[in-house]
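The values are calculated or read from the model by the stated rules, or taken from the named source; none is laboratory data. None of the values given here were measured: they were computed from a predicted structure. Counting neighbours? That spans all protein chains shown, and the Cβs are built from the backbone with ideal geometry, glycine included.
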Amino acid sequence: MQATSTAGPITTKKEFYAQFKKKSIAHELWLRFLKNKTAVIGLVIFCIIMAVAIAAPWLTSYDNVVVKMDIAARLQPPGMEHWFGTDELGRDILSRTLYGSRISLMVAVSVVSLSLSVGLIAGALAGFYGGWTATVINVYVTNAFMALPGILLAIAFVAFLGPGLFNLVLALSISGWVGYARLVRAQVMAVKEREFVEAARALGASDLRVLVRHILPNIVQPLIVQAAIGMAGAVLAEATLSFLGLGVPPPTSSWGVMLNDARSHLFDSPHLVVFPAIAVMLAVLSFNFIGDALGDLLDPRTRLTAGQ
């Protein structure tokens, strides 16, 4: 009885210290993140864009879905009534910019989620099993998609199916998954040879359990960094396709659509171009800043230093 009662507190104490150490490492990484000025700037910009996208209906009195037009107020410069001015149809630029953030973030999140899911499955299978599976996925499929520039493949896909939000997400995901697949394959090939994976195999763990419980948790860090940077690429790609008329159809507003509408008024009404262009620039910068900071913080050497 005495041995049993003594063993209990020791196990509990070990679990407490292990949990405390994990929390302290996470706290240390958060403090390191806050010390990175560019990371903080990127996080603040991202939070502002998210807040603006969520609160867009309450931040403006103009209905972007119906698109309130006022031809008498067309091409007005920024002023007290219209802070960002109006476009050629008298629509409020501020309202369209706020609602455009919703489309850009929705496309970015959808493209990264779909690309990451497909790339994770394909890369994990190719890296874990090797052989003909890796040959088919890595040599034939991924190389075939990499033979064409991603933006050209997306343009061809949308031009074939027609513009629309769903088609836009599919078009950008068709080539976006390749980078994730190659990254996951390389990480899985490195991790599957480590001792704890061999120990799990020796204990009779199935291939699915080894992948999900032992390998995938150890390759999350580079995927998070890749996803953050991929968000910036998705925002820029959506603006590019919408600028070419292959994005969301009118009257839905997006930053690329606004830039496309402003081409004919570039010199006489430059405010039509300035504000959506600044919005695209800030969104891309925020994701790049956060991705670079996460790349430094989640580096194994950085984590080792933080845990000491």
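Laid out as a table, the results:
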| quantity | calculated |
| --- | --- |
| Selection status of VAL184, at negative phi and surrounded by 15 or more Cβ atoms within 10 Å (Cβ to Cβ) | yes |
| Odd one out for SER269, checked against (1) in a loop (DSSP other than H, G, I, E, B); (2) under 28 Å from ILE45 (Cβ atoms); (3) under 26 Å from the mean Cα position of the chain (by Cα) | (3) |
| Residue match in the range 281-294 (condition: modelled with pLDDT under 85 and more than 23 Å from the chain's Cα centre (by Cα)) | no |
| Among the candidates THR86, THR97, residue that is over 30 Å from ALA186 (Cβ atoms), β-branched (Val, Ile, Thr) and either under 19 Å from the mean Cα position of the chain (by Cα) or modelled with pLDDT of 85 or more (or both) | THR97 |
| Test for PHE289: is it farther than 20 Å from SER110 by Cβ, out of contact with any Asp or Glu (no Cβ under 7 Å at 6 or more places or on another chain) and not in a helix (DSSP H, G or I) | no |
| Of all residues making up the range 76-100, the number that are surrounded by fewer than 21 Cβ atoms within 10 Å (Cβ to Cβ) and over 20 Å from ALA53 (Cα atoms) | 9 |
| Verdict on VAL112 being in a helix (DSSP H, G or I), among the aliphatic types (A, V, I, L, M), closer than 30 Å to THR60 by Cβ and in contact with a Leu (Cβ under 9 Å, 6 or more places away or on another chain) | no |
| Given (1) over 30 Å from ALA39 (Cβ atoms); (2) out of contact with any Gly (no Cβ under 6 Å at 6 or more places or on another chain), number of the condition ILE224 does not satisfy | (1) |
| Test: GLY127 is surrounded by 21 or more Cβ atoms within 10 Å (Cβ to Cβ) and either in a helix (DSSP H, G or I) or modelled with pLDDT under 85 (or both) | yes |
| Number of the condition not met by PRO251 [criteria: (1) out of contact with any Phe, Trp or Tyr (no Cβ under 9 Å at 6 or more places or on another chain); (2) buried (at least 20 other Cβ atoms within 10 Å of the Cβ)] | (2) |
| Enumeration of residues in the range 255-277 that are among the aromatic types (Phe, Trp, Tyr) and over 20 Å from ILE49 (Cβ atoms) | PHE267 |
| Any pair with Cβ under 7 angstrom, 6 or more apart, that starts in the range 89-117 at a residue that is on the phi < 0 side of the Ramachandran plot and of a type in the set (Lys, Arg) and ends at one that is outside any helix (DSSP H, G or I) and crowded, with 19+ Cβ neighbours inside 10 Å | ARG96/ASN64; ARG96/SER253 |
| Hey, VAL66 within 30 Å of PRO217 (Cα to Cα) and either at pLDDT below 75 or assigned to a helix (DSSP H, G or I) (or both) or not | no |
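Residue-wise test of (1) modelled with pLDDT of 85 or more; (2) part of a helix (DSSP H, G or I).
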site: PRO163; (1), (2): no, no
site: PHE166; (1), (2): yes, yes
site: ALA171; (1), (2): yes, yes
site: GLN187; (1), (2): yes, yes
site: LEU208; (1), (2): no, yes
site: GLN221; (1), (2): no, yes
site: GLY230; (1), (2): yes, yes
